[in-house]
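Please read the structure below before turning to the comments.
The values are calculated or read from the model by the stated rules, or taken from the named source; none is laboratory data. Please read these numbers as outputs of a predicted model, since none were measured by experiment. Cβ placement follows ideal geometry from the backbone for every residue including glycine, while neighbour counts extend to all protein chains displayed.
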Amino acid sequence: MGGRRLKPEEKALWRRVAETTDPIRRERVSERSRLEDRETSEASASPHHEKPAWEPRPFEIGQAANPTETTAAALRPSVRMDRKAFDRMRRGKLKPQARLDLHGMTLDRAHPALNGFIMRAHASGHRLVLVITGKGRSGIDAGPVPEQRGVLRRTVPRWLALPPLAQVVLQVTQAHARHGGEGAFYVYLRRQG
């Protein structure tokens, strides 16, 4: 197996990590699993707060970022649904079961319309719905402060990520050109359960 050679500081770090571990032996594995089973049953009997699986590292202002922590996977939107279905949806191969057109609505009209539509669609057992926001007004902005286009286009994904909609929404992605492209979103809903 070819690959790059470890740098001296990487080797030193590995040695420090290896010193803190214990080798696994079969007897210890079964003993550990029994202890973990007992701890799990005790934990379910007594309510307590668990530590989160991930905690951010402390940092100071001006500290350089670690480039190894930024990966391509971290920059891509996460896919929480079946990968094949996601790819078919993104290519416009799945037909939305319902659609909501928010063109021309103000934020205070669009928000309750979106909430009602998504909750009704979920209650009806729909899995894929289309929310059309429009791309926003085009034209020259002559004001001193440039105004961003597409208030609904920017706001709808945020609304879908907040309660009560976050509990029924599994995935949100930009629609394929045949379903509205930049001016629409596919919303994939969770199964009723």
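At-a-glance table
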read-out: Qualifying position, being under 26 Å from residue 125 (Cβ atoms), surrounded by fewer than 20 Cβ atoms within 10 Å (Cβ to Cβ) and either in contact with a strand residue (DSSP E or B) (Cβ under 9 Å, 6 or more places away or on another chain) or not basic (Lys, Arg) (or both), among 171, 192; value: 192
read-out: Scope the stretch 104-115; condition loosely packed, with under 11 Cβ neighbours inside 10 Å and outside any helix (DSSP H, G or I); matching residues; value: 104, 106
read-out: Residue ID - modelled with the lowest pLDDT, chosen from residues in the stretch 125-166 that are over 19 Å from the mean Cα position of the chain (by Cα), under 24 Å from residue 178 (Cα atoms) and among the β-branched types (Val, Ile, Thr); value: 151
read-out: So residue 123, is it of a type in the set (Gly, Ala, Ser) and under 24 Å from residue 151 (Cβ atoms); value: no
read-out: In the stretch 150-193, the residues that are free of Cβ contacts under 8 Å to residues at least 60 places away in the same chain, more than 16 Å from residue 134 (Cβ to Cβ) and among the aliphatic types (A, V, I, L, M); value: 160, 161, 162, 165, 166, 168, 169, 172
